[in-house]
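Enquirer: Would you mind keeping the following structure in view while I ask a few things?
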Amino acid sequence: MYNFNFCCPTRVIFGKNTIAELPKYIDRSEKVLMLYGGGSIKRNGVYDQVKKALEGYNLLEFGGIEPNPKYETCMQAVDLIKREGVTFLLAVGGGSTLDGTKFIAAAAKYEGENAYDDIMINGIEIKDALPLADIITLPATGSEMNNGAVVSRLATSEKLAFHSDKVFPKFSIIDPEVTYSLPLKQTINGIVDTFVHVMEQYCTYDVNAPLQDDWALGILRTLIKEAPKVLSNPNDYDTRANIFWCATCGLNNWISQGVPQDWATHMIGHELTAFYGIDHGQSLAIVQPRLLKNQKVTKSKKLAKLAREVFGFNEVVDLKAADLAIDAVEKFYNSIGMKTKLSDYEIDANEAAEKIRERFKARNVRLGEKGAIDAETAYNILKDC
Ligand code: NZQ
Ligand code: ZN
């Protein structure tokens, strides 16, 4: 196992009726800005619950943070914060609302000319950010318990990530009941996103860290068991709760301590979203099976373990078991209604492959746990998608 240094300062408040506990965790002297997305929280009652819990607080609102949050929109919130002297940010919504809020928290304290270039591209050290917390309404990103955020820039069709310990949420409220209102498509996106997060951290090469492996495979097993249940009975509390906790633990960095990580599927998927606007979960389901085939040899031990310990195959030859695992993953996605080919979205695979190859060439990109995926390899993977 490699050395590691782990800290997650986020308090997690999990369960039914937990939104009412908000006042315990936000000081009354704060000037609070509630940030939300396109209005789902107004339709499912979450907005009203927050307003009621924060009665008597100095509370402002900023709505309209879009899925795959846009830099241009985030900067409008930064203007409002500076104008009004906001001191605390409360994101209420999915991963996009929360990621946008993390960027806003950092940008509100940034002094330079171009926050996107400096924070997302040049990776400047973030010295300060406004304190933030969230009520997360979509199980997928794990953003509620990590220090990362993904923000897109409309003007340049870019979708990039940043990480900073300054943007860990102070607390995250997870009430699984708020997910009853999720559209089926978003429930499926979230399950696939979680599955791929775990794979990006598990499916590399063995460094003799069996506990991390078992935690990772445990999340995958739970997802495979719970996914069909949530589709047939979307208002079952226990199923929703189990899926949410899988999503949070899938990217709170617990399973990645001391082990190599991949993230190539995500990096290629982000480009598909940036160019073609497809959902994050959809992009991952398209890229991952082809990427695993391409990288099968170096990942064969972990794929074989996945085949045997999650999908129940008895195949003793690692490379053959690896093939079985990759097919089983794609079949699992298809079984819950997730499509896995670019043609399903009327996207031309050759065109996408060429566009992304050019972009990766310009950025001199090398992805994967061993840096084995360069622009040309990404092209070969995408051509087959
Ligand atoms: O905008 P509103 O009206 O709120 O509707 C949203 C949105 O349309 C809706 N929704 C959310 N919760 C709901 C709900 N509808 C009904 N009931 C609810 N309870 O769902 C739609 C999608 O929301 P979004 O926040 O975009 O989805 P998700 O949570 O999957 O976030 C995706 C974003 O997170 C990034 C992705 O790249 C993408 O930009 N990621 C962030 C990560 C992180 N911070 O660690 C890691 C991930 O790999 C990922 O890259
Ligand atoms: Zn993801």
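Enquirer: What longest region of the chain stays clear of GluC sites (Glu not before Pro) that DSSP places outside H, G, I, E and B and that have at most 10 other Cβ atoms within 10 Å?
Expert: It runs 126-345.
Enquirer: Another question, if that's okay. Given q = 0.12 Å⁻¹, what are the Debye log10 I(q)/I(0) values for region 263-316, with equal point scatterers placed on the Cα positions and solvent ignored?
Expert: Result of the Debye calculation: -0.35.
Enquirer: Where the only charges are on Cβ atoms (+1 Lys, Arg; -1 Asp, Glu), what is the dipole of region 177-227 about its Cα centre, to the nearest 20 debye?
Expert: Taking the Cα centre of region 177-227 as origin, the dipole is about 200 debye.
Enquirer: Using each residue's phi in region 218-223, evaluate 6.51 cos²θ - 1.76 cosθ + 1.60 at θ = phi - 60° and report the 3J(HN,Hα) Karplus result to the nearest Hz, with x for Gly and Pro.
Expert: x, 5, 4, 4, 5, 4
Enquirer: Over the Cα atoms of region 132-194, what is the Rg over Rh ratio if Rh follows Kirkwood?
Expert: Ratio of gyration radius to Kirkwood radius: 1.01.
Enquirer: R0 = 30 Å: FRET efficiency of LEU319 with SER232, Cβ-based, nearest 0.05?
Expert: 0.25
Enquirer: Could you work out the pair-distance distribution P(r) of region 162-206 from its alpha-carbon pairs, with 5 angstrom bin width and percents rounded to whole numbers?
Expert: 5, 15, 13, 17, 23, 19, 7, 2, 0
Enquirer: Another question, then. State, as an integer percentage, the relative contact order of region 103-257 based on alpha-carbon contacts under 8 Å between residues 6 or more apart.
Expert: Over region 103-257, the number comes to 28 percent.
Enquirer: Distance check, please: which entries in LYS331/LYS370; LYS296/LYS341; LYS70/LYS225; LYS24/LYS185; LYS16/LYS170 exceed 29 angstrom between their Cα atoms?
Expert: In this structure, LYS70/LYS225; LYS24/LYS185 lie more than 29 Å apart at Cα.
Enquirer: Charges at C-beta only: +1 for Lys and Arg, -1 for Asp and Glu. How large is the resulting dipole of region 131-239 about its Cα centre, in Debye rounded to 20?
Expert: About 320 debye.
Enquirer: How many percent of Cα pairs in region 90-189 exceed 21 Å?
Expert: Within region 90-189, distances greater than 21 Å cover 34 percent of Cα pairs.
Enquirer: Treating only the Cβ of Lys, Arg, Asp and Glu as charged (+1, +1, -1, -1), what charge dipole size does the chain show about its Cα centre? Round to the nearest 20 debye.
Expert: About 360 debye.
Enquirer: Need one number for region 1-97: average projected area of the convex hull over its C-alpha atoms, nm².
Expert: Quarter of the Cα hull surface area: 8.7 nm².
Enquirer: Can you show me the helix-derived [θ] at 222 nm for the chain, built from DSSP H runs with n ≥ 4 at -39,500 (n - 2.57) apiece and divided by the number of residues, rounded to the nearest 500.
Expert: Calculated from helices alone, the mean residue ellipticity at 222 nm is -14500 deg cm²/dmol.
Enquirer: A follow-up question, please. More than 29 Å apart: what percent of Cα pairs in the chain qualify?
Expert: Here the long-distance tail beyond 29 Å is 41 percent of all Cα pairs in the chain.
Enquirer: Subtract the Cα-Cα distance of ASN5 and GLU55 from 0.36 nm times their separation in residues, and report this length gain in nm to one decimal.
Expert: Once the chain is fully extended between ASN5 and GLU55, it gains 14.0 nm.
Bear in mind that the values in this text are calculations on the coordinates, not laboratory data. Because the structure is predicted, anything quoted here is derived from the model rather than measured. Cβ coordinates were reconstructed from backbone atoms using ideal geometry, including for glycine residues, and neighbour counts include every protein chain displayed.
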